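First up is the structure itself, then whatever we jot down about it.
The values are calculated or read from the model by the stated rules, or taken from the named source; none is laboratory data. Source: prediction; values computed, not measured. So basically every Cβ, Gly included, is an ideal-geometry build from the backbone, and we count neighbours across all protein chains shown. Surface areas here come from the heavy atoms of the whole protein model, side chains and all, with no ligands, DNA or RNA. Shrake-Rupley method; radii C 1.70, N 1.55, O 1.52, S 1.80 Å.
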Amino acid sequence: LGITTIVSVDGATPRVELAKEYGLTYVHLPMGYDGVPETVARSLVRVARELAGPIYVHCHHGKHRGPAALAVLCRAAGVADAEQAESILRTVGTGRQYPGLWRDVAAFAAPPADAELPKLV
């Protein structure tokens, strides 16, 4: 599929060496179900601005945290507006029992181009 970067928002220990064996960049941005923390959102901005794609966003179930991170990433990259980002959550079935994810996707605003962004891990 041409994937060059994996962004994992799962809390599991990343298999960085395995990713390297396949020539993949692996970015670990663990987050919970209560929302997209500002540091994670700003890191996703950095991913959008600096890393080559295609990018695969991973979480444990693939329905909640991963799609929320993907929606923020799409907004950061300028390929989705708030309505389109929310559509991503609806399409994959992100649970309404996680209102923080929905809130933070809707409220996301990309920082200015000269903003200092977190180092990617």
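Solvent-free Debye calculation, one equal scatterer per alpha-carbon of segment 74-118: log10 I(q)/I(0) at 0.22 Å⁻¹ equals -0.78.
Calculated from the structure, Cα Rg over 2.2 N^0.38 Å equals which of [x] 1.17; [y] 0.99; [z] 1.26? Recomputing Cα Rg over 2.2 N^0.38 Å here gives the entry labelled [y].
Assuming R0 = 22 Å, what is the FRET efficiency of LYS119 and ARG90, from their Cβ-Cβ distance, to the nearest 0.05? Present the calculation step by step, with values, prior to reporting the outcome.
Numbers: r = 33 Å, r/R0 = 1.50.
Efficiency, from the Cβ-Cβ distance: 0.10.
Dipole of segment 18-94 computed with +1 at Lys/Arg Cβ and -1 at Asp/Glu Cβ about the Cα centre; of LEU18, THR94, GLY53, farthest Cα towards the positive end is LEU18.
For the chain, with all protein chains present and a 1.4 Å probe, just round the carbon and sulfur fraction of the accessible area to a whole percent. Provide the component values of the computation, followed by the final result.
Working: 3650 of 6760 Å².
With neighbouring chains kept in place, the figure for the chain is 54 percent.
Taking all Cα pairs closer than 8 Å and separated by 6 or more residues, the relative contact order of segment 59-121 comes to 37 percent. Across the chain, C-alpha contacts under 8 Å between residues 6 or more apart give a mean separation that, scaled by the residue count, equals a relative contact order of 31 percent.
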